[in-house]
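Down below is the structure, laid out as structure tokens.
Readers should treat all values here as calculations from the given coordinates under stated rules, not as data from a laboratory. Model, not experiment: these values are computed from the prediction. Counting neighbours? That spans all protein chains shown, and the Cβs are built from the backbone with ideal geometry, glycine included.
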Amino acid sequence: MDQNKMGERLKELRLEKGLTQEEVGKIIGVQKAAIQKYEKGDIKNMKTDAARKLAKFYNVTPAYIMGIDEEEKDERLSDYLELLKTRPELKMLFNLTKDATREEVEKAVKIIETILGK
């Protein structure tokens, strides 16, 4: 994720709508300070929920919000596919969750994060 690109895009989208940082914060349910940090590029890992809400509000993709270009997405997808080919444990995890609902996957992620201490 390119933090500077993300910040530039967020500021540009906000200004196109003629909104303040405080107004955008209220719309997506975060403080004005969070929007300021997003726009400055001070946030290393934006929460998925915030990225989704911003993307929906601005009618763009979460990848666009995060500063990810299509070329980067393609490269990352190739990396993920290579990992699935070379790491059977990741393939097993993918196979277990491929038919799961979003909520089930989010629960699984929380469990894994707890196990990993994140």
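Overview of values
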quantity: Option label - Kirkwood radius over Cα pairs in Å computed here, alternatives (i) 17.3; (ii) 16.0; (iii) 16.8; calculated: (ii)
quantity: Gain upon complete extension [residue 98, residue 11; 0.36 nm per residue less C-alpha separation]; calculated: 27.8 nm
quantity: Total lysine pairs whose alpha carbons fall under 14 Å of each other in segment 3-65 (8 or more apart, or interchain); calculated: 10
quantity: Sum of -39500 (n - 2.57) over DSSP H runs of 4+, divided by residues of the chain (222 nm, nearest 500); calculated: -22500 deg cm²/dmol
quantity: Estimated distance in nm for a label pair at residue 60 and residue 76, the labels positioned 7 Å out from Cα along Cα-to-Cβ; calculated: 1.4 nm
quantity: Semi-axis lengths, Å, segment 70-116, gyration tensor of Cα atoms, sqrt of 5 times eigenvalues; calculated: 21, 14, 11
quantity: Listed peptides 78-88, 21-31 by packing density, highest first (mean Cβ within 10 Å); calculated: 21-31, 78-88
quantity: Extreme residue, positive dipole direction of the chain, given options 59, 41, 111 (C-beta unit charges); calculated: 111
quantity: Proxy reagent accessibility, fewest Cβ within 10 Å first, across 43, 111, 65; calculated: 111, 43, 65
